[in-house]
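Only the coordinates and a few stated rules stand behind these numbers; no lab work does. The structure presented is a predicted model; accordingly, all values stated were derived computationally and were not measured. Here the Cβ positions follow ideal geometry from the backbone for every residue, glycine too, while neighbour counts run over all protein chains shown.
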Amino acid sequence: MTNADKNYARTNASTALPASRRAVLKSLAGMTLLGAAAVAGGAGCEKKSKASAGVQTSSGHGPEVTKLKLGMIALTDCSPLVIAEKKGLFKKYGVEGIVDKKANWAAIRDTLNSGEIQGTHMLLGMPVASTMGIGGNKVPLVIPWILNRNGQSITLAKALKGKVQADAAALKLIVDAAKAAGKPMSFAMTFPTGTHAMWIRYWLAAGGINPDTDAGLKVVPPPNMYSNMQAGEMNGFCVGEPWNAKCVAEGVGYTAINTQDIWKDHPEKVLAFKADFAEKNPKTVKAVLKAVHEASVWLDDLNNRPEQCDLISPTGYVNCDKNLILGRLKGEYDFGDERGKKQDPNYMIFSQRNCNYPQLKYATWFMSQYRRWGLVEGTPDYAGIAKQVMRTDIYEEAMKEINYAHGGANSSPETLFDGVTFDPAKPEEYAKSFKVHSMKG
């Protein structure tokens with residue numbers, strides 16, 4: 001275990017999420033920048049950037065803010081922001097967008113709320129939870145853009161190799177035995193209300209395992225997943241790339257299942273802003289979206305993915321060997337167990353298949369899971385919160401201004417790998433339909 005990981009464990013002891021929903025909520029509230037400072041670990045050491053509210057333009061015709069910082073975490077799906085910066089696409093649309101790496105998602109949240117950064121790469125569930133006031137201060141955030149789909153994985157420790165693959169039901173007897181022996185198994189995700197938390201919860205529950213009562217969940221920043229697994233600190237985790245690929249390459253874990261096999265073309269990271277910033281600076285936000293659109297189209301040309309890896313791999317961004325990043329970006333998956341290698345057509349995408357449209361139903365799905373897992377008590381305002389967070393109007397205006405024909409809104413039901421169908425028109429019924437849950441009220 002690295003010194004940085006030890007520091008993280010000491011300063012963030014309250015973020016371990018053993019069995020209680022109360023622990024989850026306490027974890028959310030307690031994850032502040034104080035803990036973020038100790039998490040650099042595998043992410044590389046970054047100097048704390050000075051607060052900036054953006055530089056105002058003197059002209060009323062262009063973007064209201066001409067210089068802004070955009071947060072990111074060391075994950076492959078930060079790519080649209082990095083490419084827009086490196087390729088001069090932000091400047092093309094009248095803004096100087098500076099990509100600013102942070103150590104963990106709590107730091108992303110806190111620096112966005114403070115105004116140190118003006119927009120950010122973020123887990124889809126975080127703006128929903130922030131707007132609802134789950135686990136912390138109620139700060140309205142908006143999502144006018146989905147950055148990517150697919151491309152995350154659940155990695156298990158090498159000790160489970162040959163015992164568990166894609167079906168978590170095979171894990172249940174092992175989890176039950178560990179619990180009975182007084183040594184419950186531990187799994188990790190990157191933020192309690194984030195995408196990785198919901199994917200691993202959903203997968204475990206599909207196998208009959210309640211992550212709140214049968215095992216423990218803890219928060220680990222993405223770049224620290226590898227070192228924590230190497231040190232034997234957890235039995236499995238869910239995270240974005242390239243940290244799953246690194247575990248396989250180094251022989252410390254193997255891929256149980258890819259998230260696109262849980263939910264094909266699921267939404268993942270988003271580009272988020274504080275609601276008041278978006279309200280005051282609509283031209284700036286639209287300029288950022290236009291630049292990221294061009295970057296995303298460029299990224300979905302597989303011929304460009306080697307260059308993508310060259311640009312995002314340095315210490316200031318993902319801080320990982322570019323060859324470890326590239327394979328899964330091309331759909332080349334080595335599971336690291338007896339299944340061997342697979343060419344997956346549902347690799348990470350950045351613009352295809354109406355990828356970027358901020359569908360209301362995605363916010364609704366996350367709220368249904370917060371309801372399921374007791375992170376919210378009583379029926380949420382599904383429709384109201386979804387409309388408040390998922391800013392389809394900003395997206396549509398920006399794309400209209402560059403004559404881009406997007407695929408539009410989609411409220412069709414979604415069926416996940418367990419055969420359960422989510423109907424966006426009936427989210428409360430869906431939330432209550434699961435046998436395994438921690439629902440309150």
Among the candidates Phe237, Phe191, residue that is assigned to a loop (DSSP other than H, G, I, E, B), touching a residue at least 60 places away in the same chain (Cβ under 8 Å), buried (at least 24 other Cβ atoms within 10 Å of the Cβ) and not acidic (Asp, Glu): Phe191
- line: All conditions in (1) within 24 Å of Ala168 (Cβ to Cβ); (2) not in a helix (DSSP H, G or I) are true of Asn403 except (1)
- prompt: All but one of (1) surrounded by fewer than 19 Cβ atoms within 10 Å (Cβ to Cβ); (2) under 30 Å from Val65 (Cβ atoms); (3) under 17 Å from the mean Cα position of the chain (by Cα) hold for Phe273; which doesn't?
  reply: (1)
message: From the list Ser130, Ser153, exactly one residue is on the phi < 0 side of the Ramachandran plot and touching a residue at least 60 places away in the same chain (Cβ under 8 Å). Which is it?
response: Ser153
query: Out of Ala197, Ala181, which single residue is farther than 19 Å from Gly151 by Cα and among the aliphatic types (A, V, I, L, M)?
result: Ala181
Hits in the range 174-188 (condition: assigned to a helix (DSSP H, G or I) and small (Gly, Ala, Ser)): Ala177, Ala178, Ala180
